[in-house]
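Contents: one structure, followed by commentary.
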Amino acid sequence: MLNQILASAWKDLKIFFKDPGAVALIFLQPFMFIVVMSYALGGMFKPGEDQIQLLAVNQDRGTQAAAILRQLDEMDAFQVETTWEGQPVTREMAENLIVEEKRNIALVFSSDFSEVLEQDPAAAERHTTKILFIVDPATSSQFVEPILGTLQGLIERSTYNAMMPKGLDYLFERLAPQTPVKQRETFKSQAQEAMSGGLLGGGEPVVTVEQTTPAGMRVEKYPDTFQQNVPGYTIYGIFWIVSLLAGSVLQEKREGTFRRLLVAPMNRAVMLAGKLVPYYLINLLQLAIMLGASSLLFGMSLGHSPAGLVVVSLAAAAAATGLGVLVSALARTEAQVGGLTILLLLTLSALGGCFVPRFIMPGWLRTIGLITPHAWALDAYQDLLVRGYGLLEVLPKVGGLAAFAIVFFAIGVWRFRFE
């Protein structure tokens, strides 16, 4: 009995190792995924590495804003940038850098920031100010909220420290020995409220943080979890058409369908295009269902540009089906189709930001991500669904997706074997 088990096992091992390409892909799949995801998330587990980069526009005529920025910069998690290419960062420059996706967040301190913090707490009229917190709306709230919380804490501490000396002066000046006890308690209460600046529950804060977006982005409200996650998982899903297309081509090769088609009066590119069209239509249907269902079931906004959404979807589906033709040309067996598909899709999806937002990746990995169609498609969908852009703004990314589709299809036709 044991001999029979061993003989059967040996037979299957010989069959498995008979296909070296499939064997290599089996071991390469998890390795590549581990490498990409480890580098992508590495900065989250190493304090001081891959710091969050904050643009800072300091218009303050005093020293309070500079003190807050210095405290932020001294934290391991943040790197404050008050200059860009040797020039002081202005609000216009900061907004342009966010629009160009070179940075995600900028802080703008008003010119009267120190004046407000250092005002006389006993004044009849208390002045207020605000810090602008400019954010790319495609940045997830899980990333933004901790930064906001840290900033609020620093502002409260700075405000309290700036107002406390004057508040104490106010208290001691008023509390003379001859002052009645009841009046003394009233003065004490007024001084405590003045020292806290209203930030400890006494009233309206003297400094508030206003979250906004760069000029030109039509964002009526900040995106919810669906608008941030649906595009990434949708793109990840549509590229699985590669497996269906490659598997179908391999089956027709095995059955000799392509050999019989060679006698027909058509060239190879036309023949492959005919094979590609039904899967392209399936991909478009998949996109329509996923985006439509997200809108109907979860109330997800589909943006302001239906034309832009259609064009991006057409280009993304073309890139996915083009990749299917390429895999069909390279893979020789079912095991190779499965292994190569999983290897490519997991690696490209991870690099393109479908699993982990690209803005938290190291700079070199973000650059590498641009060689994936996933990154271009995801940015285009986020432009439409989250940033409020229209068709004209996404055309460069549509062009990038079209280039991927053409290159994939061209290499696939060149390498394709019909026998």
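The values are calculated or read from the model by the stated rules, or taken from the named source; none is laboratory data. Keep in mind the model is a prediction, meaning the values are calculated, not measured. Positions of Cβ are generated from backbone atoms using ideal geometry, with glycine treated the same way; all protein chains shown enter the neighbour counts. These area figures cover heavy atoms from the full protein model, side chains too; ligands, DNA and RNA do not enter into them. Shrake-Rupley method; radii C 1.70, N 1.55, O 1.52, S 1.80 Å.
Here are some notes:
- Amide H to amide H, with H built 1.01 Å from N, Leu54 comes under 5 Å of Gln79, Val80, Glu81, counting only residues 5 or more places away or on other chains.
- The range 276-317 - Rg over Rh from alpha carbon coordinates, Kirkwood radius: 1.01
- Taken along the Cα-to-beta-carbon direction at a fixed 7 Å, the label points for Trp364 and Ala273 span 4.2 nm.
- Fraction of alpha-carbon pairs over 16 Å apart in the range 295-337 - percent: 59 percent
- The Rg/Rh ratio for the range 56-152, using Cα coordinates for both the radius of gyration and the Kirkwood hydrodynamic radius, is 1.00.
- Average accessible surface for the range 313-407: 31 Å² per residue, computed with a 1.4 Å probe over protein heavy atoms with every protein chain in place.
- Available extension along the chain between Trp84 and Ser111 is 7.7 nm, counting 0.36 nm per residue and deducting the alpha carbon span.
- Separation in nanometres of the label points that stand 7 Å from Cα toward Cβ, at Asp76 and Thr150: 1.2 nm
- Global form of the range 331-412, assessed from the alpha-carbon gyration tensor, a/c cut-off 1.5: oblate
- The Rg/Rh ratio of the range 275-419, with Rg taken over Cα atoms and Rh as the Kirkwood radius over Cα pairs, comes to 0.99.
- Simple spin-label estimate for Arg332 and Ala307 in nanometres, 7 Å along Cα-Cβ: 5.0 nm
- Whole-Hz couplings from phi, Karplus 6.51/-1.76/1.60, listed for the range 335-347; x for Gly and Pro: 5, 5, 4, x, x, 5, 4, 5, 4, 5, 5, 5, 5
- The convex hull built on the alpha-carbon positions of the range 47-86 has an orientation-averaged projected area of 3.1 nm².
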